[in-house]
Amino acid sequence: MAIPASVREEAERRGRLGAFVSFLKKELGCEFKIHESFEDRLRLQKYVYLADRYGLKSGYDFDMYLRGPYSPKLAEDYYKPFDVENALPVEFRSQDFIELVAGKDAKWLEIAASAVSVYEYNREKGVTREDIVNILKEIKPWAENYVDKIIDDLIKANLIRL
């Protein structure tokens, strides 16, 4: 009997998540306490979102929420045990990803993921840097002092192309 595609896709997605969490622990020293720490859950959401831009191919869909891009399916999956023996995709540009996020706190990750999401959503409309800054300042007024520097980081990392 064949395994249904949805079951196979879920297993692959969760296996990739396990491999990614293991990678984050090894490369960044991340010890996620998913059940106890909102900040850890937020950081994992943003890491996965940004890593997808570097070829992770997580299989999660993200929508914009109050704290930036968020995937309910990812939230559901990280509460379950997952296999850490899986490998990350060979296309995943892990060193570029690490270079971007190393040493960054949850606030930076939230603003950066939100900026990339705003850029990607509005890219076809000819979005400008000023547009991104204004949208971010409107949805995250507390972030006003950080936005320009973070956009510079994202342009340098080639995640925003203006």
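Rule-based calculations on the coordinates, nothing more; no lab input. Keep in mind it's a predicted model, so treat the numbers as computed, not measured. With ideal geometry, Cβ positions are generated from the backbone for all residues, glycine too; neighbour counts draw on all protein chains shown.
Given the criteria crowded, with 19+ Cβ neighbours inside 10 Å and either of a type in the set (Gly, Ala, Ser) or under 18 Å from the mean Cα position of the chain (by Cα) (or both), does Glu91 qualify? Outline the logic, then answer.
Numbers: crowded, with 19+ Cβ neighbours inside 10 Å: no; either of a type in the set (Gly, Ala, Ser) or under 18 Å from the mean Cα position of the chain (by Cα) (or both): yes.
In short, no.
Among the residues in segment 99-117, are any farther than 16 Å from Leu154 by Cβ, polar (S, T, N, Q) and surrounded by 15 or more Cβ atoms within 10 Å (Cβ to Cβ)?
No, every residue in segment 99-117 fails to be farther than 16 Å from Leu154 by Cβ, polar (S, T, N, Q) and surrounded by 15 or more Cβ atoms within 10 Å (Cβ to Cβ).
Only residues that are among the small types (Gly, Ala, Ser), in a loop (DSSP other than H, G, I, E, B), surrounded by fewer than 21 Cβ atoms within 10 Å (Cβ to Cβ) and in contact (Cβ under 8 Å) with a residue 12 or more places away in the chain: list them for segment 22-59, please.
In the first step, residues of segment 22-59 are kept if they are among the small types (Gly, Ala, Ser); the result is 22, 29, 37, 51, 55, 58-59.
Now restrict to residues that are in a loop (DSSP other than H, G, I, E, B): 29, 37, 55, 58-59.
Adding the requirement that they be surrounded by fewer than 21 Cβ atoms within 10 Å (Cβ to Cβ) leaves 29, 37, 55, 59.
Correct list: Gly55, Gly59.
Being part of a helix (DSSP H, G or I), surrounded by 15 or more Cβ atoms within 10 Å (Cβ to Cβ) and charged (D, E, K, R), is that true of even one residue in segment 138-147?
We begin by selecting, within segment 138-147, every residue part of a helix (DSSP H, G or I); these are 138-139, 141-143, 147.
Next, only the ones that are surrounded by 15 or more Cβ atoms within 10 Å (Cβ to Cβ) stay: 143, 147.
Next cut, charged (D, E, K, R) only: none.
Looking through segment 138-147, none of the residues is part of a helix (DSSP H, G or I), surrounded by 15 or more Cβ atoms within 10 Å (Cβ to Cβ) and charged (D, E, K, R).
Among the residues of segment 3-11, is any among the hydroxyl-bearing types (Ser, Thr, Tyr), under 29 Å from Ile160 (Cβ atoms) and surrounded by fewer than 17 Cβ atoms within 10 Å (Cβ to Cβ)?
Going through segment 3-11, the residues among the hydroxyl-bearing types (Ser, Thr, Tyr) turn out to be 6.
So of that shortlist, the ones also under 29 Å from Ile160 (Cβ atoms) come out as none.
Taking every residue of segment 3-11 in turn, none turns out to be among the hydroxyl-bearing types (Ser, Thr, Tyr), under 29 Å from Ile160 (Cβ atoms) and surrounded by fewer than 17 Cβ atoms within 10 Å (Cβ to Cβ).
Would you be able to tell me the number of residues in segment 83-111 that are touching a residue at least 60 places away in the same chain (Cβ under 8 Å) and in contact with a Leu (Cβ under 6 Å, 6 or more places away or on another chain)?
First, pick out the residues of segment 83-111 that are touching a residue at least 60 places away in the same chain (Cβ under 8 Å): 83-89, 94, 96, 98, 101-102, 106, 109-110.
Now restrict to residues that are in contact with a Leu (Cβ under 6 Å, 6 or more places away or on another chain): 106.
Final tally of qualifying residues: 1.
Just to be sure before I move on: is Arg161 assigned to a loop (DSSP other than H, G, I, E, B) and not acidic (Asp, Glu) in the structure I sent? Give the derivation first.
Details: assigned to a loop (DSSP other than H, G, I, E, B): yes; not acidic (Asp, Glu): yes.
It is true that Arg161 is assigned to a loop (DSSP other than H, G, I, E, B) and not acidic (Asp, Glu).
Give segment 138-154 a look and list any residue that's closer than 13 Å to Ala115 by Cα and without any contact (Cβ under 8 Å) to a residue 12 or more places away in the chain, or say none.
We begin by selecting, within segment 138-154, every residue closer than 13 Å to Ala115 by Cα; these are 138-140, 143-144, 146-154.
Residues satisfying the conditions are Glu138, Glu144, Lys149, Asp152.
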